[in-house]
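Here is the structure we will look at.
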Amino acid sequence: MVDRIGNCRILGEIGSGGMAVVYKAVQEPLGRLVAIKALKPSIAVDSGFAKRFEREAHFMASLQHENILHVYDFIKERGTMYIVMEYVQGIDLYDLLEITPRLPVEVASIIALQVARALDYAHFRGIIHRDIKPANVMISHHGEVKLMDFGIARDDKLSDLTETGTGLGTPSYMSPEQILGDKLDFRSDIFSVGIVLYQMVTGRKPFVEDDARTVMQKIRLDRYTSPRKINTTVPRALERIMARCMEKMPANRYPTTQALIDDLQDFLASRVPINHNARLVMYLREVGTISDEQADEILAASAPNRVRRSASDRTLLVHNWMVQGALFAAILGGGGAIQAFSGRLAGDPDQFAAESGAPVVPQRAGYLRFVVDPWAEVYIDGQHVLTTPSAQRIALAPGRHFLRLHNPYFRGIDREVWVEEGEVQLIDETLVEEEPGHATTPAPLDPGAVPAVGADGATALPSASTTGGGPG
């Protein structure tokens, strides 16, 4: 093993595949941990593998998104190639499914949503991934979801490396048109997302080879078993999302990746009343991927200072306790309650309702879009959700929410907004420039605000406060 690659000091080997070895390293003089993907010396630098390796580096370097693994550098030395990339401490989805083959539907949906966001960003820039599968999805210990490995991605504005080999990918996750070698567009990735989501909620792939047909024949010709027949806890709304993703004809799938995102956000809005990252952290703790101490430290870093405890919030808080376990139990003084709530995250929402004595009625989400001149960091219910300009819609539970628009060089805006079920509301604001020498930092938010999403841009927020009546 080499000691150094470029300005990076190698700490050890993380893993090895047929084409590359991945090292953990420190990039000096910055002192940051990085992962280095090294093309194996046995691969000739003028081979098709090497060309795909270099193309992966270029594609990933051009995609700066929170759900895509970041590339820092590309190095050619010692007769081979290296990609210096973000180091993520976590577990890939393939290994997670080895530990627990079936995930809770809300956990699976959060992962699918974050993958769809990464793809939407890539698709908008004309890049098709073509190899969506569990091994290419990383879940960090902080609950972040990262899409990896653009080695066979294609820019739909350019010709492919070769006319042959357009079916490259992993057969179990290919779309029908990818199997046939047809020209692909973003809808092929959507089909693959549907397969991964199906596998997460059922514990099995929708298309499996048998004595009669190969997996490729089944993807092209056969229908899959309804996920609800395998897992009766799968909601019909989620089943419909999977069905639309896995339509045989591309024209019958989602017309845009954003449309898939909208449906997943709508599905999650009333089912995950906490930060999406926090929900994934809690699940990683439940399955033993991270320790209780690690989870508590991660969650405490984003915990709210105070949570309103009025009678009208009781149902929300009880539900949050059961979902978020130790975090909220600790906040509300339940030190002894931490054990009581651990290990119950995968339960059905109806079970939570029965135990709390309050019915959980699913609500359709409402949406906010933002146009802010010149730009602003957008906070909802105390949590950062996006930075404008952005075309992203934020899904919220219907009702009252607290909005903050912050720009350090302009006067911020703090106000309440009322979100209506099923409606899209445009927030159009122009910020006034601060006087010289009065640049601001965000002041503490209203202690009565109910905590919402985190810096991951999660879009499923808590039920809005019912105190204070309706809008106006």
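The values are calculated or read from the model by the stated rules, or taken from the named source; none is laboratory data. For clarity, every value in this text was computed on a predicted model and none was experimentally measured. FYI the Cβ positions are ideal-geometry reconstructions off the backbone, even for glycines, and counts take in every protein chain you see.
Can you tell me which residue in the range 177-186 is nearest to the chain's Cα centre (by Cα), limited to those that are within 21 Å of ALA122 (Cβ to Cβ) and in a helix (DSSP H, G or I)? If we take residues in the range 177-186 being within 21 Å of ALA122 (Cβ to Cβ) and in a helix (DSSP H, G or I), then PHE186 is nearest to the chain's Cα centre (by Cα).
The set of residues in the range 418-428 being surrounded by 15 or more Cβ atoms within 10 Å (Cβ to Cβ) and more than 26 Å from the chain's Cα centre (by Cα) consists of TRP418 alone.
Among the residues of the range 17-53, those that are under 29 Å from the mean Cα position of the chain (by Cα), farther than 16 Å from MET81 by Cβ and not aliphatic (A, V, I, L, M) comprise LYS24, GLN27, GLY31, ARG32.
A quick yes/no check of all residues on (1) at pLDDT 95 or above; (2) assigned by TED's automatic domain parsing to the domain that holds GLY422; (3) of a type in the set (A, V, I, L, M):
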position	(1), (2), (3)
VAL208	no, no, yes
ALA212	no, no, yes
GLN217	no, no, no
SER226	yes, no, no
PRO250	yes, no, no
ASP296	no, no, no
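The numbered conditions (1) of a type in the set (S, T, N, Q); (2) out of contact with any strand residue (DSSP E or B) (no Cβ under 7 Å at 6 or more places or on another chain); (3) within 30 Å of MET200 (Cβ to Cβ) are all true for ASN67 except (2).
The number of residues in the range 232-278 that are of a type in the set (D, E, K, R) and either assigned to a helix (DSSP H, G or I) or closer than 14 Å to GLN114 by Cα (or both) comes to 7. Within the range 18-114, considering only strands (runs of 3 or more DSSP E) that don't extend past its boundaries, which have at least 3 residues that are farther than 21 Å from ASP189 by Cα and of a type in the set (Ser, Thr, Tyr)? By residue number, no strands (runs of 3 or more DSSP E) qualify.
Just for the range 357-368: of the residues that are modelled with pLDDT of 85 or more and in contact with an Asp or Glu (Cβ under 9 Å, 6 or more places away or on another chain), which one is surrounded by the fewest Cβ atoms within 10 Å (Cβ to Cβ)? My answer is TYR367.
When ASP73, ASP46 are checked against the criterion of being at pLDDT 90 or above and either of a type outside the set (D, E, K, R) or more than 29 Å from ARG285 (Cα to Cα) (or both), a single residue qualifies: ASP73. A count restricted to the range 22-58 and to residues that are closer than 19 Å to GLN89 by Cα and surrounded by fewer than 18 Cβ atoms within 10 Å (Cβ to Cβ) stands at 7.
Scanning for something basic (Lys, Arg) and closer than 24 Å to ARG240 by Cα, does the range 98-110 turn up at least one residue? Within the range 98-110 (the criterion being basic (Lys, Arg) and closer than 24 Å to ARG240 by Cα), the answer is yes, since at least one residue qualifies. Within the range 121-130, which residues are assigned to a helix (DSSP H, G or I) and surrounded by fewer than 22 Cβ atoms within 10 Å (Cβ to Cβ)? Result: TYR121, HIS123, PHE124.
Give the range 187-218 a look and list any residue that's in a loop (DSSP other than H, G, I, E, B) and farther than 21 Å from LYS229 by Cα, or say none. Hits for the range 187-218 are ASP211, ALA212, ARG213, THR214. Look at GLY79 and say whether it is at pLDDT below 90, farther than 27 Å from LEU386 by Cβ and within 28 Å of the chain's Cα centre (by Cα). Taking the combined requirement at face value, the residue does not satisfy it.
Residue-level check: of (1) of a type outside the set (Phe, Trp, Tyr); (2) at pLDDT below 95; (3) buried (at least 21 other Cβ atoms within 10 Å of the Cβ), PRO101 misses just (3). Restricting attention to the range 204-239, the residues being more than 30 Å from GLY181 (Cβ to Cβ) and either over 28 Å from the mean Cα position of the chain (by Cα) or of a type in the set (Lys, Arg) (or both) number 3.
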